[in-house]
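Q: If you scroll down you'll find the structure; I have some questions about it.
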Amino acid sequence: MSLRHINNKHNSIFERLYRHILNYIELSEAQFSESTRFFIPRSIRRKDFLCRAGEVGRYIAFVHRGCLRSYTIDKKGAEHVVQFAIEEWWIADLYSFLTNEPATYYIDALEDSEVLLLDRPSQEELCAQFPRYERFFRLLLERNYIANHRRIAATLSLSAGERYLLFLQTYPQLVERLPQHQIASFLGITPESLSRIRRKLARKTT
């Protein structure tokens with residue numbers, strides 16, 4: 001691949017996006033190169049925000065490097081993680097992005113991160129000029145729906161231990177990368193409960 005018109009500083013991030021897109025649709029290199037003008041490269045330092053609850057979530061973000069999360073904060077100040085996003089994953093407050101209404105979620109970086117941002121008007125123009133992107137974003141939405149459906153079903157029907165085992169199976173790349181309290185928040189349990197579950201599993205494997 002040779003995306004020559006792109007500044008060398010951003011070559012690798014667009015190459016990763018192109019490889020990612022090809023997992024879903026056929027898109028020539030020339031078409032992709034023309035479409036890159038719609039995406040905004042951005043670096044996000046650890047603990048910095050991409051979106052805050054109450055603001056309009058203007059962007060969907062493709063992660064080139066790093067790790068982001070979306071979460072809510074309840075009335076007691078406790079955080080509840082909704083999603084993690086690492087390399088080649090997307091993250092956004094989709095409801096806010098699609099409706100232009102205030103966001104429900106906070107989105108911040110757990111690690112220093114590099115992302116590509118796409119706002120709603122740019123997405124619409126991108127799909128108008130390159131219709132194959134319509135299928136690409138539809139497939140992403142379908143995957144998002146399926147993941148949310150599975151998570152809701154697991155929360156309603158599985159024990160805390162079973163949810164953790166499902167997390168291990170579904171997201172093995174996150175287990176060693178995330179702090180324990182972040183995983184616990186995603187699972188809807190306390191860090192102490194997660195420690196007990198891990199000790200119990202460790203005893204079973206020894």
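Q: Positive end of the charge dipole of the chain (Lys, Arg +1 and Asp, Glu -1 on Cβ, about the Cα centre): tell me which of Leu94, Ala160, Val115 has its Cα farthest that way.
A: Of the candidates, Ala160 comes out farthest on the positive side.
Q: What list of ³J(HN,Hα) couplings, whole Hz, do you get for segment 150-157 from phi and the Karplus terms 6.51, -1.76, 1.60, once you set θ to phi - 60° and write x for glycine and proline?
A: 4, 5, 4, 4, 5, 4, 7, 10
Q: Moving to a separate point now. Take Glu88 and Leu174, extend 7 Å from each Cα along the Cα→Cβ direction, and tell me the distance between the two endpoints in nm.
A: 1.7
Q: Still on this model: Leu166 versus Ala78, label points 7 Å from Cα toward the beta carbon: distance in nm?
A: 1.9
Q: As I understand it, the value is the acute angle between the Cα axis of helix 120-129 and the longest principal axis of the Cα atoms of the chain; what does it come to in degrees, rounded to 10?
A: So the helix axis and the longest Cα principal axis differ by about 50 degrees.
Q: Kindly state, to the nearest 0.05, the FRET efficiency for Arg199 paired with Asp48, given R0 = 35 Å and r defined as their beta-carbon distance. Present the calculation step by step, with values, prior to reporting the outcome.
A: On the way: r = 35 Å, r/R0 = 0.99.
Given R0 = 35 Å and the Cβ-Cβ separation, E is 0.50.
Q: Given H placed 1.01 Å from N in the peptide plane, which residues other than close sequence neighbours of Val82 have an amide H under 5 Å from its amide H?
A: For Val82, whose amide H was placed from the backbone, the distant partners under 5 Å are Ser70, Tyr71, Thr72.
Q: Taking K and R as +1 and D and E as -1, what net charge do the other residues with C-beta under 15 Å from the C-beta of Thr99 add up to?
A: Working: positive: Arg58, Arg120; negative: Glu55, Asp93, Glu101, Asp119, Glu124.
Here the charged neighbours net out to -3.
Q: With the dipole of segment 63-206 worked out from charges on the C-beta (+1 for Lys and Arg, -1 for Asp and Glu) around the Cα centre, which of Gly188, Phe84, Ser70 lies farthest toward the positive end?
A: Result: Gly188.
Q: Name the residues whose placed amide hydrogens come within less than 5 Å of the amide hydrogen of Gly188, ignoring near sequence neighbours (fewer than 5 apart) on the same chain.
A: When sequence neighbours closer than 5 places are left aside, there are no close amide H contacts.
Q: Nearest 10 degrees, 0 to 90: what angle lies between the long axis of helix 11-22 and the longest principal axis of the chain (Cα atoms)?
A: 80
Q: In addition: By what distance, in whole Å, do the Cα atoms of the chain stretch along each of the three principal axes, largest value first?
A: Principal extents (Cα only, largest first): 55, 40, 31 Å.
Q: Can I ask one more? Working from Cα positions, state the angle (0 to 90°, nearest 10) between the long axis of helix 160-170 and the longest principal axis of the chain.
A: Taking the Cα atoms of the chain, the angle to 160-170 is about 30 degrees.
Q: Run the dipole for segment 8-132 about the Cα centre, Lys and Arg Cβ at +1, Asp and Glu Cβ at -1, nothing else charged, and hand back the magnitude in debye, nearest 20. Please report the intermediate quantities before stating the final value.
A: Working: 16 positive and 19 negative charges, 64 e Å.
Here the size comes out at about 300 debye.
Every number here is computed from the coordinates shown, using simple stated rules; none is lab data. From a predicted model like this one, the values you see are computed outputs, not experimental measurements. Every residue, glycine among them, receives a Cβ derived from its backbone with ideal geometry; neighbour counts consider all protein chains shown.
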